[in-house]
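Take a look at the structure below.
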Amino acid sequence: MALPLKYNFANVIVRWRATLATVLGIALTVAVFVLVQALAEGIKKSSAATGDPRNVLVVRKGSTAESSSLVSREQLRTFQYYDEIARNERSEPVISADIIVLANLPRRDGKGEANVLFRGITARGVELRPQVNLVPGLDAQGNALASRWFTPGRREIVVSARLAKRFAHFRIGGSFKSGPATFHVVGWLDGGGSAYDSECWIDADEARSIFDRDMYSSFLIRPRDEASRSNLIARIEGDKRFQLRAESETEYYKKQTLTAKPIQWLGSFLAVAMSIGAVFAAMNTMYAAVGARTREVGTLRVLGFRRRTVLVSFLIEGALLAFIGGLIGCAISLPMNGYTTGTISMETFSETVFAFSITPALLTKGLVFAVLVGIVGTFLPAVRASRLPVIAALKSL
Amino acid sequence: MNAATYIVKNALRNKRRALLSVLSVAASLFLFVMLLVALREMTVPPEDIGSSLRIIARNKVSLAQPLPLKQLAIIEKIPGVEAVTPFSFYGGAYKGEEKFTSFAQFAVDPLRFTAVGVDAKIDPAELQAWFADRTTCIVGVDTAKRYGLKIGDRMRFTGQIYPVDLDLKIAGIYRGTMDDRNVFFHHKYLDEALGDPGTVGTWWLRAASPEEAPRVVERINRAFANTAAEVRAETERAFQLSFVSMWGNIKILIGSICSVVVFTLLLVTVSTMSMAIRERFRELAVLKALGFRRELFAFILAESFALAMTGALLGAGGAWWLFHSLDIPKVTNGIFVSFEVTPRHMGLAFGIAALLGIISAIGPAITVARTSVVQGLRTLD
């Protein structure tokens, strides 16, 4: 016969003073685990949410990022006449030649500088990216102002609203110098949680002249339909003259995981390291619990409960304790969900902003992890409890 | 029996609990020291005398923006500049390592380069061989060891930043710099492959003296102000530190994890100490009845202090020992190079342990002080 769960519940609650520290210890371990993984999750989510599945992105073969890719004007001219490419209502081919420039700019808090990714886009660049929209911005005094797109040739720039919180002079009406030009901020863009939230957009040909670049960095193309998409990819990749790589825009961004990897690794490492400490703490608590309840265990045995039942009962109690800890840990971490933060992207070598993303899967992982810590920590004390000699246990004070 | 034996006996009367408390303190302090070391390695690059003497000049726009080759003639004439070399980060993927190559490759002008980077120790014959053949390179001893490379071997790279692949022959192996991993090769070779674009990544120069360095920086910046390619020169030290700001919020993250670890530690130790004291309420009451008052607090304090310190010795000391004896570049796949535990880290860890010992003694001590002798004697467990 198994011991009722109520028995374990009651025990955990009655002995709250002794168990509190262990529960909190496990809670903090779980919170750290969930938060660090949520960070990695956020980075992955932002690249996975980038792009339109209909688009094809073309970069140089061998380049690991758009920023180190080079494509030429001749190639642009050639591609324009490919009939796989969709045409808009003015029958212009829907293709944008982009140029990526990194600009080192001062942070808003005055603490150092960081690279910001400038994307120069050509006329079709905006319509190719429906997930990017203008949002109302703030001027230097904090008044809300409407945004507008840049006018080519006037040194105007549209910055990401999320970057605007992190860099100086990014308010609407603000201006800053980069290279020989002074840029004027005319709008804020919102990339809807995608990698575009870490970019500033300018006109591509203006950027080429300001930053003295002959080549573009990449092409973004909208093919007519499914069939012409695969034709186009095969046609570009197959042409030995180009040495280009073409793939679906969403696929390209999905593969950008270089930044998330080390953070994920850090999260797992921290979880393991902290859980070792937590296991010791759980052991301590449970040994004390067994010690204090020696007589009780003896009584249970006399009543006919078997060794195995006692063992399982203590294990359940440890798991329960840890589960409560895990729940508290998840609760501690939850308010951070959606909080925006930033670091250097290992792909583009520029500031990337993303939000902590706490998913149900992550919370489940945290809880399972907590229960494991509880069971491992309780195992030895539980074995000890089940092996107590009945008579000695009853005699003990 | 004197006071010391009494304390030791008390601490060890429940050996299992003492061991578990010490181990949990040790595990947490180990983690704490490790995080501090990692954070330091990320944010405080290694330093030597040369790093305040050498200057890096990059494009003011950003490191990714090239500089025109014609700037060389102007920089050379700037007073205080001892030597200058083009210095371009090639950023190739070493054959077979598509994702991550643990060492950097730089294109330099070999003759000028040896005048700037004087720390490197290399056989003069190997150096001459490097000068003579523009398809050769020199390799740091760490990288050579890691891949089992020797003179005459070839290294093949896929260009990730530049659109050209390179095939370099090893002319020599150097040692004695801050980071003996890098590969240096002829800038001319890169230029040829690219079709002479007339640009370089950065300029690397050496000032006549450390005192002169800030003035040289100033002069270079001024020399190219309001030109098509404005230059941002800074000492090598300042250049390395400028990367720290790019890490963004990751620094804060690791910092806060450190505090969480310490806090968790505190909780566990406090609870263990109060468990230990609760267990012997009765005998503490006896001691109280015998007239001991302040001594009781000293006993409790000494015990918790001893437990915490043993934990620190094991955890922080263990970290120190481990990171000293491990081949860090190999274990971490070249991500961390030195992983040095500084006296400051050890001091911090032991300081926290000491504080821990004191704080966790306070709670139980107050309970003991509050409990009357009769109450204490009545307690059963």
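Within the stretch A:225-248, can you find the residues that are within 33 Å of the chain's Cα centre (by Cα) and either farther than 29 Å from A:Ser350 by Cβ or more than 14 Å from every other protein chain (Cβ to nearest Cβ) (or both)?
A:Asp225, A:Glu226, A:Arg229, A:Ser230, A:Leu232, A:Ile233, A:Ala234, A:Ile236, A:Glu237, A:Ala246, A:Glu247, A:Ser248
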If you go through B:Ser259, B:Ser304, B:Ser338, the only one that is among the polar types (S, T, N, Q), assigned by TED's automatic domain parsing to the domain that holds B:Asn14 and exposed (fewer than 14 other Cβ atoms within 10 Å of the Cβ) is B:Ser259
**Asked** What do you reckon, is B:Phe281 within 14 Å of chain A (Cβ to nearest Cβ) and under 32 Å from the mean Cα position of the chain (by Cα)?
**Response** no
Can you find a residue that is more than 29 Å from A:Gly277 (Cβ to Cβ) and modelled with pLDDT under 80 anywhere in the stretch B:270-282?
yes
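Which of the residues belonging to the stretch A:84-117 are part of a loop (DSSP other than H, G, I, E, B) and hydroxyl-bearing (Ser, Thr, Tyr)? Even if it seems obvious, please write down each step before you answer.
Residues of the stretch A:84-117 part of a loop (DSSP other than H, G, I, E, B): A:84, A:86, A:88-92, A:94, A:108-112.
Across the stretch A:84-117, the qualifying residue is only A:Ser91.
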The condition of being touching a residue at least 24 places away in the same chain (Cβ under 8 Å), more than 14 Å from chain B (Cβ to nearest Cβ) and of a type outside the set (A, V, I, L, M, F, W, C) holds, among A:Gln131, A:Gln141, A:Gln80, only for A:Gln131
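Yes/no per residue for (1) at pLDDT below 90; (2) within 11 Å of chain B (Cβ to nearest Cβ); (3) in a strand (DSSP E or B):
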residue: A:Phe9; (1), (2), (3): yes, no, no
residue: A:Ala27; (1), (2), (3): no, yes, no
residue: A:Ser46; (1), (2), (3): no, no, no
residue: A:Asp52; (1), (2), (3): no, no, no
residue: A:Ser63; (1), (2), (3): yes, yes, no
With criteria (1) more than 14 Å from chain A (Cβ to nearest Cβ); (2) hydrophobic (A, V, I, L, M, F, W, C); (3) within 21 Å of A:Phe211 (Cβ to Cβ), B:Leu63 comes up short on (1)
Of the listed residues (A:Phe323, A:Phe314, A:Phe354), the one being touching a Gly at 6+ places or on another chain (Cβ under 8 Å) and surrounded by 21 or more Cβ atoms within 10 Å (Cβ to Cβ) is A:Phe354
Within the stretch B:1-49, residues among the polar types (S, T, N, Q), modelled with pLDDT under 80, part of a helix (DSSP H, G or I) and more than 15 Å from the chain's Cα centre (by Cα) come out as B:Asn10
- prompt: Is the stretch B:254-270 home to any residue that is of a type in the set (Gly, Ala, Ser) and touching a helix residue (DSSP H, G or I) at 6+ places or on another chain (Cβ under 6 Å)?
  reply: no
| query | Quick check: anything in the stretch B:87-95 in contact with a Lys or Arg (Cβ under 7 Å, 6 or more places away or on another chain), crowded, with 23+ Cβ neighbours inside 10 Å and more than 9 Å from chain A (Cβ to nearest Cβ)? | reply | no
Okay, strands (runs of 3 or more DSSP E) sitting entirely in the stretch B:132-192 with 1 or more residues that are aliphatic (A, V, I, L, M), assigned by TED's automatic domain parsing to the domain that holds B:Ala104 and more than 20 Å from B:Leu111 (Cα to Cα), I get B:154-159, B:166-174
When (1) at pLDDT 90 or above; (2) more than 9 Å from chain B (Cβ to nearest Cβ); (3) crowded, with 21+ Cβ neighbours inside 10 Å are applied to A:Arg73, the one that fails is (3)
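Residue-wise test of (1) under 27 Å from the mean Cα position of the chain (by Cα); (2) hydroxyl-bearing (Ser, Thr, Tyr); (3) within 14 Å of chain A (Cβ to nearest Cβ); (4) under 22 Å from A:Thr348 (Cβ atoms).
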residue: B:His187; (1), (2), (3), (4): no, no, no, no
residue: B:Trp203; (1), (2), (3), (4): yes, no, no, no
residue: B:Arg206; (1), (2), (3), (4): yes, no, no, no
residue: B:Pro210; (1), (2), (3), (4): yes, no, no, no
residue: B:Ala225; (1), (2), (3), (4): no, no, yes, no
residue: B:Val231; (1), (2), (3), (4): no, no, yes, no
residue: B:Met246; (1), (2), (3), (4): yes, no, yes, yes
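Can you tell me which residue is farthest from A:Tyr82 (Cα to Cα) among those in the stretch A:108-128 that are more than 7 Å from every other protein chain (Cβ to nearest Cβ) and of a type in the set (D, E, K, R)?
Once the filter is applied, the top-ranked residue is A:Asp109.
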Filtering the stretch A:194-211 for residues that are in contact (Cβ under 8 Å) with a residue 24 or more places away in the chain and either surrounded by fewer than 21 Cβ atoms within 10 Å (Cβ to Cβ) or basic (Lys, Arg) (or both) leaves a count of 2
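The values are calculated or read from the model by the stated rules, or taken from the named source; none is laboratory data. What you are looking at is a predicted structure, and each value in this text was computed from that prediction instead of being measured. Here Cβ is always computed from backbone atoms with ideal geometry, including for glycine, and neighbour counts include all displayed protein chains.
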